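J.: Here it is, the structure in full.
The values are calculated or read from the model by the stated rules, or taken from the named source; none is laboratory data. This is a predicted model, so every value here is computed, not measured. Methodologically, a virtual Cβ is constructed for each residue, glycine included, from the backbone with ideal geometry; neighbour enumeration extends over all protein chains shown. These area figures cover heavy atoms from the full protein model, side chains too; ligands, DNA and RNA do not enter into them. Shrake-Rupley method; radii C 1.70, N 1.55, O 1.52, S 1.80 Å.
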Amino acid sequence: MVLNETSILSRRNLLRWAVTSLAFCGFGKQAALAMARLRTAAEARELFIGTAVAADALRRDSSFKEAILAECSSLTPELSMKWAAAEPSRGRLELTDMDEIADFARFNGLAVYGHALLWHGSIPHWAEVMLREAPDWQHVRNHIATVMPRYGDVVRYWDVVNEPIDTGHREDGLRDSPFLRAFGSSYIERSLHDARVFSPRGRLMINEYGLEYDNQVERDRRYLFLKLIERLRSKNVPLDGIGLQAHLDLRKGTVFQNAIKEFLQEIEGFGLEVVVTELDVKEADYAASAEQRDTTVADETRRYLETVLDHANVKGVTTWGLSDRYSWLRVTDEELGAYKGAWKDGSGPGLNRGLPLDAMFMPKRMHAAMASTLAD
Ligand code: 9MR
């Protein structure tokens with residue numbers, strides 16, 4: 001969709017008007033913002049807003065579907081596009097789930113965010129053996145050539161390489177992945193060049209995690225990631241943007257806003273786009289009241305988004321799930337053990353509450369924080 005400046009301004013005004021009117025009708029500003037859909041807030045400043053989805057949840061849960069259609073303009077396949085899912089045995093394609101997600105998106109006018117072509121975390125067993133024993137780039141190229149054209153009409157952004165950085169191993173900061181061991185560090189530029197062939201107009205991204213906090217590992221990750229981008233830029237490799245996974249984690253403290261700002265200024269200087277690709281919040285204190293937990297999650301989300309959304313090259317935000325019902329973040333047994341006796345009534349902490357909607361698809365404070373930051 002092409003929006004000109006006037007229509008963007010009028011959408012923003014419309015949203016402000018809606019929030020003000022609801023506030024006038026007796027709803028608090030927070031309540032009014034909680035009622036604003038994320039999609040309305042995001043579109044007001046020409047951003048896309050998405051969620052990760054698993055095909056089976058989309059298939060069987062109509063409430064989930066309704067929530068997606070109300071809140072989102074984009075979907076990221078949580079599993080179905082990854083190599084291990086798409087080609088479980090050599091030459092046998094298993095793209096039924098991915099086709100279903102893409103058809104749902106097409107039918108409802110949503111975009112799909114292509115995640116992820118090369119990821120060390122999802123290589124089919126046969127390809128792992130191939131990479132280890134008889135590396136043949138043709139197999140990697142085949143995967144790119146199969147997936148990109150098949151969904152090219154509905155996918156604009158592609159995570160071509162996912163999580164290539166790992167600290168503490170090599171001077172260049174590259175992860176010691178099966179791809180690196182098989183083809184050397186040039187596997188990144190090779191995959192981007194191939195991706196450009198099979199998607200001449202797609203936005204080609206590198207997606208990375210662990211870039212938000214003030215600790216040595218994340219300081220190193222930010223530095224090494226920028227160095228990688230600098231090397232790719234100097235060789236004119238087709239790279240259009242970077243994905244910030246943004247798995248926020250309250251156990252690490254609060255996000256380091258100044259470092260994120262500086263990092264994003266560098267990215268802007270390289271002329272690259274930015275997408276927040278996997279936003280969610282791991283909690284640190286499950287024994288707090290539900291209200292306190294939701295406030296802490298919302299505050300961290302707001303701190304992060306207000307820092308990131310300040311940059312004009314940010315194009316969209318995706319959360320890694322929309323409702324706590326389908327979050328990869330779990331309260332582990334170890335964590336439960338640490339809270340012995342915290343719940344006198346025998347209840348328990350329930351689910352991790354780090355997504356905008358609760359398990360019954362009701363908006364939480366994180367939703368309001370996202371709506372207000374997106375709308376600002
Ligand atoms: O949430 C995803 C989980 O359901 C899958 O089992 C797993 C392996 O495919 O991948 C998870 O998603 C990861 C994403 O693809 C890359 N960044 C980290 C995400 C959480 O582990």
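J.: Assess whether Leu272 counts as being buried (at least 17 other Cβ atoms within 10 Å of the Cβ) and within 16 Å of the ligand (Cβ to nearest atom).
T.: no
J.: For the stretch 275-310, how many residues meet the condition of being open to solvent by 30 Å² or more (accessible area, probe 1.4 Å) and within 30 Å of Gly346 (Cβ to Cβ)?
T.: Counting residues in the stretch 275-310 that are open to solvent by 30 Å² or more (accessible area, probe 1.4 Å) and within 30 Å of Gly346 (Cβ to Cβ) gives 10.
J.: Let me ask you something else. Restricting the stretch 92-109 to residues that are open to solvent by 10 Å² or more (accessible area, probe 1.4 Å) and within 16 Å of the ligand (Cβ to nearest atom), which is nearest to Phe48 (Cα to Cα)?
T.: Asp97
J.: Collect the residues in the stretch 143-190 that are within 16 Å of the ligand (Cβ to nearest atom) and within 22 Å of Ala111 (Cβ to Cβ), keeping them in residue-number order.
T.: Across the stretch 143-190, the qualifying residues are His143, Val147, Val155, Tyr157, Trp158, Asp159, Val160, Val161, Asn162.
J.: Sticking with this one: Note down all Cβ pairs under 7 Å where the first residue falls in the stretch 311-327 and is open to solvent by 10 Å² or more (accessible area, probe 1.4 Å), the second is away from the ligand (no atom under 16 Å from the Cβ) and modelled with pLDDT under 95, and they're at least six residues apart or on different chains.
T.: none
J.: Something else: Tell me, which strands (runs of 3 or more DSSP E) wholly within the stretch 225-306 include 2 or more residues that are closer than 30 Å to Pro200 by Cα?
T.: Once the strands (runs of 3 or more DSSP E) in the stretch 225-306 are filtered for at least 2 residues that are closer than 30 Å to Pro200 by Cα, what remains is 241-244, 273-282.
J.: Which ones in the stretch 49-72 are within 23 Å of Gly152 (Cα to Cα), away from the ligand (no atom under 16 Å from the Cβ) and buried (at least 21 other Cβ atoms within 10 Å of the Cβ)?
T.: Ile49, Ile68, Cys72
J.: Further, regarding this structure: Among the residues of the stretch 110-117, is any open to solvent by 10 Å² or more (accessible area, probe 1.4 Å), within 30 Å of Val217 (Cα to Cα) and aromatic (Phe, Trp, Tyr)?
T.: The answer is no; no qualifying residue exists.
J.: Quick one: in the stretch 122-138, of everything that is open to solvent by less than 50 Å² (accessible area, probe 1.4 Å) and not β-branched (Val, Ile, Thr), which residue is nearest to the ligand (Cβ to nearest atom)?
T.: By that ranking, first place goes to Ser122.
J.: Within the stretch 188-220, count every residue that is touching a Pro at 6+ places or on another chain (Cβ under 9 Å) and among the aromatic types (Phe, Trp, Tyr).
T.: Residues in the stretch 188-220 being touching a Pro at 6+ places or on another chain (Cβ under 9 Å) and among the aromatic types (Phe, Trp, Tyr): 1 in total.
J.: Return the residues of the stretch 75-84 that are within 11 Å of the ligand (Cβ to nearest atom) and within 19 Å of the chain's Cα centre (by Cα); say none if nothing qualifies.
T.: Thr76, Pro77, Glu78, Leu79, Ser80, Met81, Lys82, Trp83
J.: Please give the number of the condition Gly152 fails out of (1) small (Gly, Ala, Ser); (2) open to solvent by 30 Å² or more (accessible area, probe 1.4 Å); (3) touching a helix residue (DSSP H, G or I) at 6+ places or on another chain (Cβ under 9 Å); (4) over 26 Å from Val314 (Cα atoms).
T.: (4)
J.: Now for a separate question. For the stretch 214-255, which positions are of a type in the set (A, V, I, L, M), under 13 Å from Phe270 (Cα atoms) and in contact with a helix residue (DSSP H, G or I) (Cβ under 7 Å, 6 or more places away or on another chain)?
T.: Scanning the stretch 214-255 gives Leu226, Leu232, Val237, Leu239, Ile242.
J.: Please determine, by comparing only the residues of the stretch 111-121 that are among the aliphatic types (A, V, I, L, M) and either over 16 Å from Met205 (Cβ atoms) or away from the ligand (no atom under 14 Å from the Cβ) (or both), which one is nearest to the chain's Cα centre (by Cα).
T.: Looking at residues that are among the aliphatic types (A, V, I, L, M) and either over 16 Å from Met205 (Cβ atoms) or away from the ligand (no atom under 14 Å from the Cβ) (or both), I get Val112.
J.: Looking at the stretch 308-317, is at least one residue touching a Pro at 6+ places or on another chain (Cβ under 9 Å), β-branched (Val, Ile, Thr) and within 16 Å of the ligand (Cβ to nearest atom)?
T.: Scanning the stretch 308-317 turns up no residue that is touching a Pro at 6+ places or on another chain (Cβ under 9 Å), β-branched (Val, Ile, Thr) and within 16 Å of the ligand (Cβ to nearest atom).
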